[in-house]
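All of the numbers you see were taken from the coordinates with simple rules; none came from a lab. Remember, it's a predicted structure, so these values are computed and weren't measured experimentally. Cβ atoms come from the backbone with ideal geometry, glycine included; neighbour counts cover every protein chain shown.
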Amino acid sequence: MDIVLRDNSAIQATSVGRISVRMHAEGKSLPTVLQDVLHMPELHGNLLLVSHFAKRGSEMQFVREGCSILNQHKRVACKGDLRRSLYVMRITTLPISESAHIVVLDSFPTKGEDPPEAALIADNSGSKASVDIWHRCLGHLNTDDVICMAQKGMTCGMEISGGYTPSSQICEPCVKGKQMRAEIQKETDTQADLILGRVFSDICTLFSTPSRQGFIYFITWIDDKSCKVFVDAMKEKSEVAQHLHAFVVRVKLETGHKLKVLHSDGGGEYTAGGLQSFLKVLRPIEP
């Protein structure tokens, strides 16, 4: 790319990039990133184009022999003075070792798109917040790591207020994010209205070593209304049918009620052909 100067001579721009600088105004030094900077080795000075600043959302103010650059927050980011026919801005270029910075993008690029160019003048005045707020802003990062980042200066513009001790309040998103499953409710609002209206049954392994009587499994029956528990030991899972028959007869004699709903985990022991036929006989007939 050739750039034409005032004397109609042309010099070549060899590359385009970005540079880190410091803009000085009102006793403050603001780290800034200038985008789309042309590198012209033959040029003996650094020139700033007003129209380029305007396209980036910055404003330029010219008052008599002074010039100011305003950032997106309408704050003075840099000042300059008129010398002959040019305004000389108070800007110093940072060496590579000091040019690390954080740029906030207006929008996050979608997959396959190039990231949008950052603003011409980034507001790096810094932010101050408590440890808990920084914890949430940084994606619920461990609070010890948040404090370490601030103390060691691992990022720019980060300041912790109110001390380095996090609050004792539990962070619910962190707890839910580490859970392997949803919370199991201890109570239910759908309890049966009558005894034997609903009975929960399950088969459990007693021990890896059989008992003295040779029992390995046990089956439980829990009445939803009274919460009474019945337990029968078994040597084989195939004994479920005979224990179910005995349980149904026993509780009917003891309570005078008939089993209405048997709730299980759907295991194969409960879905065998003989049990299905027996449960169909128990099913109450709707009037």
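Are there cysteines in the chain with no second cysteine's Cβ under 4.7 Å away, and if so, which?
So far as the 4.7 Å Cβ criterion goes, Cys67, Cys78, Cys137, Cys148, Cys156, Cys204, Cys227 stand without a partner in the chain.
For the pairs Lys235/Lys280; Lys178/Lys228; Lys178/Lys235; Lys128/Lys178, flag any whose C-alpha to C-alpha distance is greater than 32 Å.
Details: Lys235/Lys280 26 Å; Lys178/Lys228 35 Å; Lys178/Lys235 40 Å; Lys128/Lys178 28 Å.
From the list (Lys235/Lys280; Lys178/Lys228; Lys178/Lys235; Lys128/Lys178), the Cα-Cα distance tops 32 Å for Lys178/Lys228; Lys178/Lys235.
Can you give me the Rg/Rh ratio for segment 199-282, using Cα atoms for both radii and the Kirkwood formula for Rh? Present the calculation step by step, with values, prior to reporting the outcome.
Details: Rg = 13.0 Å, Rh = 13.5 Å.
That ratio equals 0.96.
Anyone know which of Leu138, Leu194, Leu82 comes out most mobile in the 10 Å Cα GNM of the chain?
It is Leu194.
Share of Cα-Cα pairs in segment 2-98 beyond 20 Å, in percent?
Values: 1963 of 4656 pairs.
The share of Cα pairs beyond 20 Å in segment 2-98 comes to 42 percent.
Using only Cα atoms, what is the ratio of the radius of gyration of the chain to 2.2 N^0.38 Å?
The chain yields a ratio of 2.03.
Send over the semi-axes of segment 127-178's equivalent ellipsoid, whole angstrom and largest first, taken as the square roots of 5 times the C-alpha gyration tensor eigenvalues.
Its equivalent ellipsoid spans semi-axes of 19, 12, 9 Å.
In a shell of Cβ-Cβ distance under 13 Å around Cys204, excluding Cys204 itself, what net charge do Lys and Arg (+1) and Asp and Glu (-1) give?
-3
Counting other C-beta atoms within 10 Å, and keeping those with at most 16, which DSSP coil trypsin sites (Lys or Arg not before Pro) do you find in segment 5-34? Please list the in-between numbers first.
Numbers: sites: Arg6, Arg18, Arg22, Lys28; in loops: Arg6.
Answer by residue number: Arg6.
Taking a virtual spin label 7 Å from the Cα of Leu194 along the C-beta vector, which residues in segment 240-258 bring their backbone nitrogen under 18 Å of it?
Only 248-258 pass the distance filter.
Would you mind computing, in nm to one decimal, how far apart the modelled labels at Phe62 and Ile170 are, each placed 7 Å from Cα along Cα→Cβ?
My value for the distance between the label points is 6.5 nm.
Hey, fewest Cβ within 10 Å first, where do Val37, Val63 land in order?
Fewest-to-most Cβ neighbours within 10 Å comes out as Val63, Val37.
So if I place +1 on the C-beta of Lys and Arg and -1 on the C-beta of Asp and Glu, and nothing else carries charge, what would the dipole magnitude of segment 1-96 be about its Cα centre? I want it in debye, nearest 20.
My answer is approximately 420 debye.
May I ask which residue of Leu253, Ser15, Gln169 lies farthest towards the positive end of the charge dipole of the chain, with charges of +1 (Lys, Arg) and -1 (Asp, Glu) on Cβ and the Cα centre as origin?
Leu253
Pick out the long, greasy-scoring helices in the chain: whole DSSP H runs spanning 15 Å or more along their own axis by Cα, mean Kyte-Doolittle at least -1.0.
Span-like helices, by this rule, are 240-255.
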